[in-house]
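> Below is the structure I would like to discuss, written out as structure tokens.
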Amino acid sequence: MIVWVNGAFGSGKTTLVEELHRRRPDALVFDPEHIGYVLREIVDIPTGNFQDLPLWRRQVAHLALGLAQDYGRRPVLAPMTTVKAEYAEEIFGPLRTAGVAVHHFFLKVSPEVLARRIDARVHHADPARDEEVKRWCKAQIPLCTAVADVLPADTVFLDGERSVGELADEVLARVDGALRPGGG
């Protein structure tokens, strides 16, 4: 089973996945961003966004599928912003075709709160690079908050301004206990 936690930068994806992992320590945490970092070292990314590389999407789907198949009793928790419907389908489609349950959650957070959260975080040790990353993240807010109509129909939207504990409770309830200790 894959639990994909989606949302804008600053929406709390990683924090929620960390809380889910704390509650279910045997779960595997798979951050698809790491595949993007590896690809950046190997190939040019003309748009600057590694998600635009078909290779990134194939590799994410392939690794997620391998984790689900080889470690089937251990849920896979994936925090990743994915706002293009066709990209989500390229990742989720092969998983579902292989019989892997994909639970897709999207954290909805107001643009103002997202901007505050992005500004409050340190993204890079180099101050100039940190500001560049913050500007890029904030520039993505309109795209990330306008995706409700294009995400997969089974996406569960969560109020990302609630506490992480409340969000984790809701995720656990929605996946029918599969992430609870002793769950499947």
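> I want to check the label-to-label distance for A120 and E86. Put each point 7 Å from Cα in the C-beta direction and report it in nm to one decimal.
A separation of 3.7 nm, rounded to one decimal place.
> While we're looking at this one, here's another question. Expected output is a single nm value to one decimal: the length gained when fully extending between K108 and R22, i.e. 0.36 nm times separation in residues minus the C-alpha distance. What is it?
Roughly 28.7 nm would be gained on extension.
> In region 1-56, carbon and sulfur make up what percent of the accessible area (probe 1.4 Å)?
In region 1-56, the share of accessible area belonging to carbon and sulfur is 56 percent.
> Then there's this: Express in Å², to the nearest 10, the accessible area of L67 obtained by rolling a 1.4 Å probe over the protein heavy atoms while all chains stay in place.
That residue has around 40 Å² of solvent-accessible surface.
> If you average the sequence gap of Cα pairs under 8 Å that are 6 or more apart and divide by the length of the chain, what percent do you get for the contact order?
34 percent
> Peptides 94-104, 5-15: what's the order by average Cβ count within 10 Å, highest mean first?
5-15, 94-104
> Counting only heavy atoms of protein chains, what accessible area per residue, in Å², does the chain have with a probe of 1.4 Å?
Value returned for the chain: 51 Å² of accessible area per residue.
> So how much accessible area does M80 have, in Å² to the nearest 10, using a 1.4 Å probe?
Per-residue accessible area (M80): approximately 10 Å².
> With just the Cα atoms defining each centre, how far is region 111-152 from region 53-88? Give it in Å.
22 Å
> Mind checking the full-extension length gain between I45 and R129? Use 0.36 nm per residue of separation minus the Cα-Cα distance, one decimal, nm.
Additional length available on full extension: 28.4 nm.
> Same structure, new question: Apply 1/(1 + (r/R0)^6) to the Cβ-Cβ distance of A98 and D159, taking R0 = 35 Å, and write down the FRET efficiency to the nearest 0.05.
Plugging the Cβ-Cβ distance into 1/(1 + (r/R0)^6) gives 0.65.
The values are calculated or read from the model by the stated rules, or taken from the named source; none is laboratory data. Predicted, not measured: the structure shown is a model, and the values here were computed from it. Every residue, glycine among them, receives a Cβ derived from its backbone with ideal geometry; neighbour counts consider all protein chains shown. Heads up: the accessible areas ignore ligands, DNA and RNA and are worked out on the full protein's heavy atoms, side chains in. Shrake-Rupley method; radii C 1.70, N 1.55, O 1.52, S 1.80 Å.
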